[in-house]
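First comes the structure, then the notes that go with it.
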Amino acid sequence: MPLWKIYHPEDAFDESDKRALSERITALYNRLPRFYVGVIFQPVADHSFYVGGEPRRDFVRIWIDHIARTLPDADMRTRWIALCDEALAPFIKERGFSWEYHIDETSHELWSIEGFRPPLAGTADEARWIQENRPSPVLPR
C-alpha cells in the first residue's frame, strides 16, 4: 500500500485536478494492484498552516506511506524521488506552490487488507490481485 496524504490550501485543487493527480500517483505504482494506492486530499484553511512560525497560503505538504514495496538502495530512492517530482510538477511546482514531501516505509509483515495478508512481490497471488484489482485469499507463505 502506498498512501499519499496531500495537505494543501483550500482552493489549490478542484475535483478534476484531484482525479488527474490521483491517477498520476497511481500510475507511479504500475507494478502493484491499483487498489493498493490511496490518495487523501486534505484542505488546510487559511492561517492553519505555518512554516517557520509564519502562516503559508501557498504550501503543499505530502506524507507518503509505503508498505507494499521499499526502496532498498540510494539509487532506487533517487530515481523514485525524480519520478514523484515529475508526477507532481504540473499540479504543484508549475502552479507556483512551495512543497515538501517525505516517504515512510513500514514492514510488509505489519500489513493486512480486508483481513488478508497481502501476497509477496512477484508471486502468482500478487499477479491475481493485480488482474482482479481486489484482495482475496493467498497461498500460505
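Where a number appears in this text, it was derived from the coordinates with a stated rule and is not lab data. Given the structure is predicted, the values throughout are model-derived calculations rather than measurements. Please note: Cβ atoms are built from the backbone with ideal geometry, for glycine as well, and neighbour counts cover all protein chains shown.
Computed FRET efficiency, Cβ-Cβ of Leu120 and Glu15, R0 41 Å: what is it to the nearest 0.05?
Details: r = 36 Å, r/R0 = 0.89.
My answer for the efficiency is 0.65.
Which value at 222 nm does the chain reach when only helices count, each DSSP H run of 4 or more adding -39,500 (n - 2.57), with the total divided by all residues and rounded to the nearest 500 deg cm²/dmol? Write down the numbers at each step before the final one.
Values: 3 runs with 38 residues, N = 141.
That calculation yields -8500 deg cm²/dmol at 222 nm.
Just to confirm the number: angle between the C-alpha axis of helix 74-88 and the first principal axis of the chain, 0 to 90 degrees, nearest 10?
60 degrees
Using the basic label-point model (7 angstrom from Cα toward the beta carbon), what is the Ala127 to Ala89 distance in nanometres?
Label-label distance for Ala127 and Ala89, simple model: 3.6 nm.
Using each residue's phi in the range 33-41, evaluate 6.51 cos²θ - 1.76 cosθ + 1.60 at θ = phi - 60° and report the 3J(HN,Hα) Karplus result to the nearest Hz, with x for Gly and Pro.
Computed from phi, the couplings for the range 33-41 are x, 4, 5, 5, 8, x, 10, 10, 9 Hz.
Local charge sum around Phe49 (other residues, Cβ-Cβ under 12 Å, Lys/Arg +1, Asp/Glu -1)?
Net local charge, Phe49 excluded: -2.
Between (i) 44, 24, 13; (ii) 31, 16, 14; (iii) 26, 16, 13, which matches semi-axes √(5λ) of the Cα gyration tensor in Å calculated for the structure shown?
(ii)
So how tilted is helix 15-28 from the main axis of the chain? Cα-based, degrees 0 to 90, rounded to 10.
So the inclination is approximately 50 degrees.
Just want to confirm a number: the relative contact order over the range 2-132, from Cα pairs under 8 angstrom separated by 6+ residues, in percent.
30 percent
Rounded to the nearest 0.05, what FRET efficiency is calculated for Ser136 and Trp111 with R0 set to 22 Å and r the Cβ-Cβ distance?
On the way: r = 16 Å, r/R0 = 0.71.
Plugging the Cβ-Cβ distance into 1/(1 + (r/R0)^6) gives 0.90.
Efficiency by 1/(1 + (r/R0)^6): what FRET value for Asp46 and Thr70, r their Cβ-Cβ distance, R0 = 25 Å, to the nearest 0.05? Present the calculation step by step, with values, prior to reporting the outcome.
Numbers: r = 37 Å, r/R0 = 1.48.
Approximately 0.10, to the nearest 0.05.
May I ask for the distance between the Cα centers of the range 1-75 and the range 111-128, given as a whole number of Å?
24 Å
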